[in-house]
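Shown next, in structure tokens, is the structure this report addresses.
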Amino acid sequence: MTIRTPAPVQNIIFTHTPRVPRLVLWLGLGLLSLLSAPTLIADGTQSGTAPHRLVHFSSAGSPAYGFIDNNTITPLVGDLFSGDYRAGSGSLALESVILLPATTPSKIIAVGLNYRSHMFSSRGDVPRLFSKLPSSLSGDGDPIWLYPDSTNLHYEGELVVIIGKTARNISVSEAPEYIFGVSAGNDVTDRSWQSSDLQWIRAKGADSFSPLAPWILRGADYNDLLVQTRVNGEVVQSESTKNLLFSVDEIVSYASHYFTLNPGDLIYSGTPGSTRRLSAGDVVEVSVQGVGAVTNRVIQRPPKPQ
């Protein structure tokens, strides 16, 4: 089966193309996709190097993964992370399914102060890790809760790394073998809780504070992807992952020296630039080049029962 990168379901970034007759353009793009697209082979890997996307979704109450081709999903049969899978029969229209966060992780690790542009950060001796609760994970279209006692809620758009196989004590050079793909996420943070609490578990790990896109990008150079955040349509963050102070491979290697990383585990790699306070009704969209976006509206959470 040939896999082609679909038309953008959510923010995919394109450069300007000079005007050419539509027929010529369509024929050219079709030929290019046939020549360069990866093909599915028995062990679940791809021959060729062209990036492609997977989607995590639910249909008829059952979660599944699939390839996307022109907004049509071809479900996969088998275990995604073991590589023991194949393309199933039939297809589904993208709009007919419920989109789910890209994985269901056993743990979520995150990195703080990992762009120089964020709070004038500098590279220290090691990545600054913290954890987010798996229960904080939310999907595209889910609300970001503005809690009654939350006074300074902020977005943090990030590239999210997805672990593909169990990793313990691996080197930086080995790290790419353990990375399944990448996605787009939002490390939602309440700055007032972050400064007042002993740990960041509430400020970073409250329910709904880890939005994650349903898309997984494989086969791309995750060391140079544009991360963008929009609030109500305005671009408020925009920077390439090439400016990470600690690279994706360095982060994965370092984390594996202290935590067993399991298939499906997530690492939020850090946010660029500055952030600002969100209000109820704001719509936050985080996109990663080639991945797509995760979009969430900030909703006031009802007061807790007395």
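A short reminder: the numbers here are calculations on the coordinates, not readings from a lab. The structure displayed is predicted, hence computed values, not measured ones. All Cβ positions, glycine included, derive from the backbone under ideal geometry; neighbour counts span all protein chains shown.
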**Complete:** The alpha-carbon center of region 250-288 and that of region 182-227 are separated, in whole Å, by 3
**Item:** region 180-239: proportion of alpha-carbon pairs further apart than 20 angstrom, %
**Value:** 44
**For region 65-186, alpha-carbon Rg over 2.2 N^0.38 Å** = 1.31
**Prompt:** Which net charge results when you count Lys and Arg as +1 and Asp and Glu as -1 among the other residues whose beta-carbon is under 10 Å from that of residue 113?
**Reply:** +3
**Fill in**
Rounded to a whole number, the Stokes-Einstein D of region 108-300 in µm²/s (Kirkwood radius over Cα pairs; 20 °C; 1.002 mPa s) is 131
**Value of D in µm² per second that Stokes-Einstein yields for region 161-206, Kirkwood Rh from Cα pairs, at 10 °C (1.306 mPa s)** = 122
**Whole-Å semi-axes of the ellipsoid equivalent to region 188-306 (Cα gyration tensor, √5λ, descending)** = 26, 20, 14
